[in-house]
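Asks: Right, I'll just put the structure down here and ask away after.
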Amino acid sequence: MPVRVRYELRVAISSTSSEEKDLGNIKRELVTDREGEGGAWKTLLAGGATDVQIPLDSVAEVHLLGIITAPKDPNQDPSNVLVRFNSITGEQRTIAPLADCKEAIMFFTTDGITSLHASNAGSTDMELILFVAGD
């Protein structure tokens, strides 16, 4: 049974804090009914954890992947989360928050992801919210 996927991306970059959006302003919304499975859930990645396999629910091949990271305790500073796709020897990607932000976001459409492994580069326990759709 297909699932509906709707996502919106909005990014504005301004040269001052008055947000005149003079350096960039992008808004996109896309909808598809052609993905077979999907869902969203939260998981915990302990401080210092290495190469933990993160379940992809019932999705065999990921076409949309979103990961939001934030400290479990909002009073702590966030740690970078390192992810690898398809094996623990795959190329490593870092999910790191911007300057004074507590959350970090990785979001993309792709194909060929069949497994996800995560490591916590710091000592802060991190929550991961995953959004996954695919076949």
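Asks: Tally Lys/Arg at +1 and Asp/Glu at -1 over every other residue whose Cβ is under 15 Å from the Cβ of Met1; what's the total?
Replies: -3
Asks: While we're looking at this one, here's another question. If neighbour count is taken as other Cβ atoms inside 10 Å, put Glu103, Glu8, Glu37 in order from fewest to most.
Replies: In order of increasing Cβ crowding within 10 Å: Glu8, Glu103, Glu37.
Asks: In whole Hz, what ³J(HN,Hα) sequence does region 109-117 give by Karplus (6.51, -1.76, 1.60; θ = phi - 60°), x for Gly and Pro?
Replies: 3J(HN,Hα) across region 109-117, in whole Hz: 9, 6, 8, x, 8, 10, 8, 9, 10.
Asks: So how strong a dipole does region 1-125 carry about its Cα centre when Lys and Arg Cβ are +1 and Asp and Glu Cβ are -1, to the nearest 20 debye?
Replies: 120
Asks: Within region 64-84, name every residue whose backbone N is under 14 Å away from a label modeled 7 Å from Cα of Ser123 along the Cβ vector.
Replies: 76-79
Asks: With each label point set 7 Å from Cα along the Cα-Cβ vector, what nm distance links Ala12 and Cys101?
Replies: Going by the 7 Å Cα→Cβ label model, 1.5 nm.
Asks: With 10 angstrom as the radius, rank His63, His117 by how many other C-beta atoms surround their C-beta, starting from the fewest.
Replies: So the ranking, lowest neighbour count to highest, is His117, His63.
Asks: Compute the relative contact order of the chain as a whole-number percentage, counting only Cα pairs closer than 8 Å that sit 6 or more residues apart in sequence.
Replies: Here the relative contact order equals 34 percent.
Asks: A follow-up question, please. What percent antiparallel are the DSSP beta bridges of the chain, to the nearest 5?
Replies: About 100 percent, rounded to the nearest 5.
Asks: Here's another thing I want to ask about it. For region 19-135, what is one quarter of the convex hull surface built on the Cα atoms, given in nm²?
Replies: For region 19-135, averaging the hull's shadow over all directions gives 8.4 nm².
Asks: Net charge within 13 Å of Ser79 by Cβ-Cβ distance, Lys/Arg positive one each and Asp/Glu negative one each, not counting Ser79 itself?
Replies: Net local charge, Ser79 excluded: -3.
Asks: Additional query: Within the set of other residues whose C-beta is less than 15 Å from the C-beta of Gly47, count the net charge using Lys and Arg as +1 and Asp and Glu as -1.
Replies: Charge balance near Gly47 sits at -4.
Every number here is computed from the coordinates shown, using simple stated rules; none is lab data. None of the values given here were measured: they were computed from a predicted structure. Positions of Cβ are generated from backbone atoms using ideal geometry, with glycine treated the same way; all protein chains shown enter the neighbour counts.
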